[in-house]
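Shown next, in structure tokens, is the structure this report addresses.
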Amino acid sequence: MVAATDGTGSNAQKLGLKAGLVVQEVGWDDDTDDELRADIEDAIDAEMVDEDADDVVDVVVLWWREGDGDLVDALMDAIGPLAEDGYVWVFSPKTGKPGYVDPSEIAEAAPTAGLTQTSAISLGDWSAARLVQPKARSGKKA
């Protein structure tokens, strides 16, 4: 695999982040990827808001590690300030890294919290899972 530094776009671009989005960061700790954090803030042209902010946010970045508690509870808290069309990125350490979370744990927690996983990408030592809220449409049924 080619690293994100190959000129094809930053990690923040892979995450779909751009200027003007309000991004809330939850679960920051000493082990978070500072380069990725800086890349996100460069892409949105602002600082991420912290977990205590009362703003409505477009995206929540949730740093999640084994031992952080109940992921369903964390996801429920994360969607509280989320805009209707907002989404959550769950960042978890990759296999073999301290705090590794099995991807199935995220996939199983998402529907319980009312979210659907749409994609997963690699971000250096971290994996990212994109979780979205179901669309509330009263149109035709599939």
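Readers should treat all values here as calculations from the given coordinates under stated rules, not as data from a laboratory. Note that the structure is a prediction, hence the values are computed from the model and not measured. Cβ coordinates were reconstructed from backbone atoms using ideal geometry, including for glycine residues, and neighbour counts include every protein chain displayed.
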*asked:* Checking the structure you have, find out if any residue of the stretch 131-138 is within 15 Å of the chain's Cα centre (by Cα), assigned to a strand (DSSP E or B) and under 25 Å from residue 20 (Cβ atoms).
replied: yes
*If only one of 23, 72, 59 is over 16 Å from residue 125 (Cα atoms) and in contact with a Gly (Cβ under 9 Å, 6 or more places away or on another chain), which one is it?*
59
